[in-house]
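Just below is one structure, and these are the notes that go with it.
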Amino acid sequence: MTTVACGDLAAYLDTLLSVAQHPDYPQALNGLQVENHGSITRIGAAVDLSVQTIEHAKAAGVNFLIVHHGMFWNGVQPFVGRYYSRIRSLFDADIAVYSVHLPLDSSSEFGNSALLARRLGLNPTAEFAKYSTVHVGVRGQSDILTNELVDVVRSFVSEHGGTVRTTPIRSEQRTRRWAICSGAGASSDTLREADLYEIDTLIVGEGPHHTAIDATERGITVVYAGHYATETLGVQAIARRAASDHSIPWVFVPAPTGL
């Protein structure tokens, strides 16, 4: 059986995604968050770290779990109650955890927004959604009925147990300038940026209530496709590459939130 040392695999991912040089939210704590005792034999990919994800990973024989939202996403917490259950489950199963947030999102090869665009049949030609010194979204041009594009989005999202909501769409409305920002992609900042680039259709995971009002007044249609569904592609892509480069198997560990 082919194996790789936990530290070597983490270092490989750090380099591939330029983790050390990348800005992010403090609670992201990108990189290896939990190590294990031995060599890695199977990689798992998941959106969120949770007791459910850990149990599914254990059942699948995973001992290196790559997640988008890691151990400390809600900030520093004492390891009691459900947080203790998480860490105890990891230790009992000897599962390492590697978390990667914006270094993944901003990647042209592995980024959630870039991959989602291609999955929807769209061709990203420029960056979108700037955070600090990087962009975590993409934009491009098309000529498609907006309702037809939304149907494609619904088909993808339904695979992950989610639903799609949109701001009002006229029957013959067409999408000619679009942008995508996965996860919590609808914000005052992204709507201002969409206005700047004359975006008519913005596809995101989720956003505050006020973004629907703001977008409608700006003449922008927002497609809320779900935080979970829009962030399933990046972790799978990086796990697939890591597994291929190290000749070990990988598996996606689903844990849909419905959001």
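Taking the condition of being over 23 Å from the mean Cα position of the chain (by Cα), part of a loop (DSSP other than H, G, I, E, B) and under 16 Å from ALA215 (Cα atoms), how many residues in region 164-180 meet it?
The total comes to 4.
Just a yes or no: is a residue in region 86-101 in the same structural domain as GLU206 (by TED's automatic domain parsing), within 14 Å of the chain's Cα centre (by Cα) and among the polar types (S, T, N, Q)?
no
Is one or more of the residues making up region 212-220 in contact with a strand residue (DSSP E or B) (Cβ under 7 Å, 6 or more places away or on another chain), surrounded by 24 or more Cβ atoms within 10 Å (Cβ to Cβ) and of a type outside the set (Gly, Ala, Ser)?
No: zero hits.
Say whether the condition of being touching a residue at least 40 places away in the same chain (Cβ under 8 Å) and under 17 Å from TYR131 (Cα atoms) is met by at least one residue in region 208-222.
Checking region 208-222: not a single residue is touching a residue at least 40 places away in the same chain (Cβ under 8 Å) and under 17 Å from TYR131 (Cα atoms).
(1) touching a Leu at 6+ places or on another chain (Cβ under 6 Å); (2) over 19 Å from PRO256 (Cβ atoms); (3) in the same structural domain as LEU202 (by TED's automatic domain parsing): which one isn't true of ASN112, the others all being true?
(2)
Considering region 73-102 alone, what residues qualify as being in a loop (DSSP other than H, G, I, E, B) and either modelled with pLDDT of 95 or more or surrounded by fewer than 17 Cβ atoms within 10 Å (Cβ to Cβ) (or both)?
ASN74, GLY75, VAL76, GLN77, PRO78, PHE79, VAL80, ASP94, ILE95, VAL100, HIS101
With respect to VAL152, is the statement that it is on the phi < 0 side of the Ramachandran plot, assigned by TED's automatic domain parsing to the domain that holds PRO168 and buried (at least 24 other Cβ atoms within 10 Å of the Cβ) true?
So VAL152 fails the test.
Check whether at least one residue in region 12-26 is in contact with a His (Cβ under 6 Å, 6 or more places away or on another chain), farther than 20 Å from ALA255 by Cβ and buried (at least 18 other Cβ atoms within 10 Å of the Cβ), and report yes or no.
Within region 12-26 (the criterion being in contact with a His (Cβ under 6 Å, 6 or more places away or on another chain), farther than 20 Å from ALA255 by Cβ and buried (at least 18 other Cβ atoms within 10 Å of the Cβ)), the answer is yes, since at least one residue qualifies.
Given the options VAL67, VAL62, name the one that is under 18 Å from LEU32 (Cα atoms), in the same structural domain as ILE43 (by TED's automatic domain parsing), crowded, with 17+ Cβ neighbours inside 10 Å and out of contact with any Leu (no Cβ under 6 Å at 6 or more places or on another chain). Spell out the reasoning first.
Numbers: VAL67 fails: out of contact with any Leu (no Cβ under 6 Å at 6 or more places or on another chain).
Within the list VAL67, VAL62, the selection yields VAL62.
Report those strands (runs of 3 or more DSSP E) wholly inside region 195-259 carrying at least 1 residues which are not assigned by TED's automatic domain parsing to the domain that holds VAL153. Spell out how you get there, then give the answer.
Numbers: elements: 201-204, 221-224, 250-252.
Answer list for region 195-259: 250-252.
I'd like the full set of residues that are surrounded by 17 or more Cβ atoms within 10 Å (Cβ to Cβ), of a type in the set (Gly, Ala, Ser) and outside any helix (DSSP H, G or I), limited to region 110-139.
Within region 110-139, GLY111, ALA129, GLY137 meet the criteria.
Before we move on, is GLY44 under 17 Å from ALA243 (Cβ atoms) and out of contact with any strand residue (DSSP E or B) (no Cβ under 7 Å at 6 or more places or on another chain)? Spell out the reasoning first.
Values: under 17 Å from ALA243 (Cβ atoms): yes; out of contact with any strand residue (DSSP E or B) (no Cβ under 7 Å at 6 or more places or on another chain): no.
No.
Would you check if GLY161 is within 25 Å of GLY234 (Cα to Cα), of a type in the set (Gly, Ala, Ser), in contact with a Lys or Arg (Cβ under 9 Å, 6 or more places away or on another chain) and surrounded by fewer than 18 Cβ atoms within 10 Å (Cβ to Cβ)? Please lay out each step first, then the result.
Values: within 25 Å of GLY234 (Cα to Cα): yes; of a type in the set (Gly, Ala, Ser): yes; in contact with a Lys or Arg (Cβ under 9 Å, 6 or more places away or on another chain): no; surrounded by fewer than 18 Cβ atoms within 10 Å (Cβ to Cβ): yes.
For GLY161, the condition - within 25 Å of GLY234 (Cα to Cα), of a type in the set (Gly, Ala, Ser), in contact with a Lys or Arg (Cβ under 9 Å, 6 or more places away or on another chain) and surrounded by fewer than 18 Cβ atoms within 10 Å (Cβ to Cβ) - is not met.
The values are calculated or read from the model by the stated rules, or taken from the named source; none is laboratory data. What you see is a predicted model; the values in this text were computed from it and never measured. Counting neighbours? That spans all protein chains shown, and the Cβs are built from the backbone with ideal geometry, glycine included.
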